[in-house]
Each structure stands twice: as structure tokens, then as C-alpha cells.
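This report concerns only the one structure given below.
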Amino acid sequence: MNLLRDTTLDALIAFAEFAEDGNFTRAAARLHISQPALHTKITKLGRSVGRPLYVRRGRSIEITETGTQVQRFARELTASTMAFQNELLGEPDQSVVLAAGEGSYLYLLGKGLRAYLSNQRNSLQLLTTDGAAAVEAVRSGRAHLGVASLETIPRDLTAEPLTRVEQVLAIPRKHPLSARRTVRLKDLEGAELIVPPPGRPHRMMLSQMLQSAQVNWRVAVEASGWELMLNLVRLGMGLAVVNACCRVPAGVTTRPIPELPALQYFIFHRSGGLTGAAANLRRQLVAHGNGWKGET
């Protein structure tokens, strides 16, 4: 096997696009080539690599571990090629890509993003993802940086603490619990709570904590996103446990829940360091990591 001889950048780019969702039809449309042409490129690339890049599971396609490595390499090679081209032409680097959740953009990262954009010519692309998807976006090379609340740091990524965020109970201002300075889990006995759908990390954590405290509660509404959950509280549809960084709407107040763990947010990137605009973005986000505390 000789990748330098047998592999082209065009084939790598084509596979990286296909690996995004494992769909030949959509990838071919995005690349503006025919589906048979895309299939031929990927087949030849797989032969050059000498290992399967994807496998079929019934009607679906699953990218193999080797395929994920090739996708990551393709993204890194493409970024390096574009940076070199721009350097030769005297043009600024291409856009920097950041992956994070909607709540992080709305409540945590505002000051850091403004500081970055105030003195940087590069454009900024924001990917809105959950924590697991942000990790995969950085791993695959789709994003230069990611921000998420992580319980464990993946071994193949470099991460540093950004900020810690407490969890609070959002309640209508006239609710009986608003008279208390703090709320305990047992105070939620019989409460109707607004929670994310099953399987989401926040829902799982809250369910486990309430079960451990032997608290009976029921789902009032299932909703995704702090902004929506808080507005449902405002409308009187139930109570919600949210991050302390959230801006609460009129008519809603929050109370700390000391028994719930604070969430540690990290900023992370692929191991090997960052350069240029991506490094500047990381510096600004870290420098203003706690900036939200003056905005809430």
C-alpha cells in the first residue's frame, strides 16, 4: 500500500463528505457529481487503504473505525491545503468552526465570541450540536473547537476547563417555593416538571437524583432547550431544572438546588495544538469563560 501514490485529495474529500451521513445520494448532490462517480471514488480509496471504510447494516451504512480515521485525515489535509493556498495568495484563513449547544451560544459564550470577532478577519461558523455530537465534530475535523459539559475527557482530545455552572429550579414568581432561598430535592415531591425527552443527559441525571432521594414526580411537558423550557415555566405549565447561566423571562425566578452537581464545561480540540484564528478563538473563549456571571 502506498497512499501517496494511490490516493488523491479529490477522493479523500469525496469520502469525508459521504462519511458525514453515510448517504451516497445526498453526498453526491453536495459534491455536484453523479452517485456512480462518488461510489467509484470511494471504492478506489478503500482499495488503496486496504481496509473497509464502511459496512452495510441492513438498509443503513455504518462508517468503520478506519473510515472515521480517513475522514479525520481528509478534513485535516483539506484544512492544511486551504491554509497553504491562502498563504500563497495573501488571503486570510478560511472560517473557524465551533461546535456547541444552543444553550452555550445563548448564555455562556457571548462575551468570548464578541471579543474574538472584534479583532479577527476570519469568519466564524457555529455548529449547533449536543455534547456527544460536538466531540464527534471535532474528532472528524468538521469543527476546530468544541464546547460541552463533559464528565470524562476523551483521550484523543485536548481539553481545558471553561466554566462551572450550578443547576437551579425555575419557578413562577408566585409559586410557594419562591419564598425559599434554596430548594431541596424533597421539596419537589409531587411536582410537575418540564424535562427533556428520554435519553437526554439532563433528563437521565435528574431522574436518577430524584429517584435516589425517593421523590415522586411526574412529567408535565417534554421539551428541548433551556429557552423553551423557561418559557413553558412562564406559561405555568410546570417547573424546570435549568442551568444557572440561563436568562429567565419576566414572571419567572430561580432558586439554587445544592444537592444537584454543578456542570463543568470544557473547551476542546484535537491533540496537536491550534494555530492562527482557531487558537485566537480558544484564547478569547477561555479568557471570558466566566463572563456570563456578569450577564445573568
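List pairs: first in region 103-119 and touching a residue at least 60 places away in the same chain (Cβ under 8 Å), second in a helix (DSSP H, G or I) and among the polar types (S, T, N, Q), Cβ under 7 Å, 6+ apart or cross-chain? Matching pairs, first to second residue: G112/Q284; A115/Q284; Y116/N280; Y116/Q284. Applying the set (1) of a type in the set (G, A, S); (2) buried (at least 16 other Cβ atoms within 10 Å of the Cβ); (3) assigned by TED's automatic domain parsing to the domain that holds A159 to G273 leaves exactly one unmet item: (2). The condition (being surrounded by fewer than 18 Cβ atoms within 10 Å (Cβ to Cβ) and either of a type in the set (S, T, N, Q) or outside the structural domain of N231 (by TED's automatic domain parsing) (or both)) is satisfied by just one residue among G199, G110: G110. If you go through region 132-143 and keep only what is surrounded by fewer than 24 Cβ atoms within 10 Å (Cβ to Cβ) and over 9 Å from the mean Cα position of the chain (by Cα), you end up with R139, S140, G141, R142.
Within region 169-226, the set of residues being modelled with pLDDT of 95 or more, of a type in the set (G, A, S) and under 15 Å from T253 (Cα atoms) comprises A170 only. The condition of being of a type in the set (V, I, T) and either surrounded by fewer than 18 Cβ atoms within 10 Å (Cβ to Cβ) or under 18 Å from G110 (Cβ atoms) (or both) holds for only one of V248, V252, that being V248. The single condition among (1) in contact (Cβ under 8 Å) with a residue 12 or more places away in the chain; (2) touching a strand residue (DSSP E or B) at 6+ places or on another chain (Cβ under 9 Å); (3) buried (at least 16 other Cβ atoms within 10 Å of the Cβ) that E227 does not meet is (2).
Mind checking which strands (runs of 3 or more DSSP E) fall wholly inside region 41-154 and carry at least 1 residues that are in contact with a helix residue (DSSP H, G or I) (Cβ under 7 Å, 6 or more places away or on another chain), at pLDDT below 90 and closer than 28 Å to L228 by Cα?
Working: elements: 54-57, 60-63, 96-100, 124-128, 145-149.
Filter on region 41-154 gives 124-128.
All conditions but one from (1) touching a residue at least 60 places away in the same chain (Cβ under 8 Å); (2) outside any strand (DSSP E or B) apply to M204; the one that does not is (1). Could you tell me whether S34 is exposed (fewer than 13 other Cβ atoms within 10 Å of the Cβ), at pLDDT below 85 and either touching a Pro at 6+ places or on another chain (Cβ under 8 Å) or not hydrophobic (A, V, I, L, M, F, W, C) (or both)? So S34 fails the test.
Against the definition (without any contact (Cβ under 8 Å) to a residue 60 or more places away in the chain and farther than 14 Å from L239 by Cβ), how does S149 come out, yes or no? No.
The values are calculated or read from the model by the stated rules, or taken from the named source; none is laboratory data. Quantities reported herein were computed from a predicted structural model and do not represent experimental measurements. Using ideal geometry, Cβ is built from the backbone for each residue, glycine included, and neighbour counts are taken over all protein chains shown.
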